[in-house]
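Let me begin by presenting the structure, written as structure tokens, before commenting on it.
The values are calculated or read from the model by the stated rules, or taken from the named source; none is laboratory data. Since this is a predicted model, take the numbers as computed values, not measurements. In this analysis, Cβ positions are derived from the backbone assuming ideal geometry, glycine residues included, and neighbour counts consider all displayed protein chains.
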Amino acid sequence: MRKNSLIGSLLIFLAACSASDLYKKVRIEIPAFSPFRLDQFQELAITTFLSTPETTGLDLNKELADYFAPEFKKRFHGKVFIRPASFDNEETFQTPEFWKSLDPQSEARLYLTGKAAFSRETRKAVMSRPGDPRQDELAPQRSIAERTVFHLDLAVYLIKAADGEILFTKTFKETRAYTNPRQKSDFAFYDLVQRVRKKLFRPWFGEESLQERYLLTR
């Protein structure tokens, strides 16, 4: 039985070696598919986000505008600017008349808006650690580990000024924990909003991503 087992293992190994000669693993950059063409528009206005009351000390609308404006200017071929608006509920996103009335003469414009919430919490957990060998092994050492957790919930809408049509909408829920109990909110916000940018910009601008593929060699 043992001899047969060794022979079987050898055959599997040889088959794997020969199979690996049939292909080669390569890394290639693959562009994302864009659901629309941004080059058809001449302006992109970053307008107000409907936000919940702040608990982190940040002006969330200002932070979003200050982050997205320069990021879009790097990639969008047209004019990018901030255009505040006033609305009280999410129904406005579904109201074409509102967006058409903001600037009636700007048909080749897109509005970037949505709903945002940014919060923090402190989590504690009891952690076990190796005890002192000079002490009783049955009495393991324990400590309290504390984490500061930040949450960014963001619903993004891209709306055409010409007819108020929603061109794109997507919801993001990003979370990150820090071991520093005094982690600053503005740094945490930057970390989280970068994740959103990557997920948005890749399809919007057809950005490439590095992926692994197998190339047949025979």
**Request:** Filter region 22-58 down to residues that are at pLDDT 90 or above and of a type in the set (A, V, I, L, M) and give me whichever is surrounded by the fewest Cβ atoms within 10 Å (Cβ to Cβ).
**Result:** Leu50
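Tell me, which residue of region 48-96 that is among the small types (Gly, Ala, Ser) and in contact (Cβ under 8 Å) with a residue 40 or more places away in the chain is farthest from Asp186 (Cα to Cα)? Walk me through it before giving the result.
Of region 48-96, the ones among the small types (Gly, Ala, Ser) are 51, 57, 65, 69, 78, 85-86.
So of that shortlist, the ones also in contact (Cβ under 8 Å) with a residue 40 or more places away in the chain come out as 51, 57.
On the way: Ser51: 16, Gly57: 9 Å.
Step by step, filter region 48-96, then rank; the result is Ser51.
I'd like to check something: does region 206-213 contain any residue that is under 20 Å from the mean Cα position of the chain (by Cα), surrounded by 17 or more Cβ atoms within 10 Å (Cβ to Cβ) and either of a type in the set (D, E, K, R) or modelled with pLDDT of 70 or more (or both)?
If we filter region 206-213 for residues that are under 20 Å from the mean Cα position of the chain (by Cα), which is where we start, we get 206-211.
Next cut, surrounded by 17 or more Cβ atoms within 10 Å (Cβ to Cβ) only: none.
Checked against the condition, which is being under 20 Å from the mean Cα position of the chain (by Cα), surrounded by 17 or more Cβ atoms within 10 Å (Cβ to Cβ) and either of a type in the set (D, E, K, R) or modelled with pLDDT of 70 or more (or both), region 206-213 yields no hits at all.
Identify, from the list Asp88, Asp103, the residue that is closer than 30 Å to His151 by Cβ and either in contact with a Lys or Arg (Cβ under 9 Å, 6 or more places away or on another chain) or among the acidic types (Asp, Glu) (or both). Lay out the reasoning, then the answer.
Working: Asp103 fails: closer than 30 Å to His151 by Cβ.
Of Asp88, Asp103, the one residue that is closer than 30 Å to His151 by Cβ and either in contact with a Lys or Arg (Cβ under 9 Å, 6 or more places away or on another chain) or among the acidic types (Asp, Glu) (or both) is Asp88.
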**Item:** Output for region 75-109, where each listed residue is surrounded by fewer than 12 Cβ atoms within 10 Å (Cβ to Cβ) and more than 25 Å from Pro203 (Cβ to Cβ)
**Value:** Pro84, Ser86, Asp88, Asn89, Glu91, Glu97, Ser101, Pro104, Gln105
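Provide a single number: the residues in region 59-74 that are of a type outside the set (Asp, Glu) and surrounded by fewer than 14 Cβ atoms within 10 Å (Cβ to Cβ). Walk me through it before giving the result.
Residues of region 59-74 that are of a type outside the set (Asp, Glu), as a first pass: 60-62, 64-65, 67-70, 72-74.
Filter once more, keeping what is surrounded by fewer than 14 Cβ atoms within 10 Å (Cβ to Cβ): 62, 70, 73-74.
Count: 4.
Among the residues of region 166-191, how many are touching a strand residue (DSSP E or B) at 6+ places or on another chain (Cβ under 7 Å), assigned to a loop (DSSP other than H, G, I, E, B) and surrounded by fewer than 14 Cβ atoms within 10 Å (Cβ to Cβ)? Working first, answer last.
Of the residues in region 166-191, the ones touching a strand residue (DSSP E or B) at 6+ places or on another chain (Cβ under 7 Å) are 166-181, 183, 185, 188-189, 191.
If we keep only those that are assigned to a loop (DSSP other than H, G, I, E, B) too, we end up with 179-181, 183.
Among the residues that remain, those that are also surrounded by fewer than 14 Cβ atoms within 10 Å (Cβ to Cβ) are: 179-181.
Number satisfying all stated conditions: 3.
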**Fill in**
Those residues of region 122-159 which are modelled with pLDDT under 75 and either β-branched (Val, Ile, Thr) or under 29 Å from Trp204 (Cβ atoms) (or both) amount to Val126, Ile144
**Asked** Restricted to region 160-199, and to residues that are among the aromatic types (Phe, Trp, Tyr) and in contact with a Lys or Arg (Cβ under 8 Å, 6 or more places away or on another chain), which residue is modelled with the lowest pLDDT?
**Response** Tyr178
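Name the residue, out of Pro96, Pro70, that is at pLDDT 90 or above and under 20 Å from the mean Cα position of the chain (by Cα). Break it down into steps so the answer makes sense when it comes.
Values: Pro96 fails: under 20 Å from the mean Cα position of the chain (by Cα).
After applying the criteria, what remains is Pro70.
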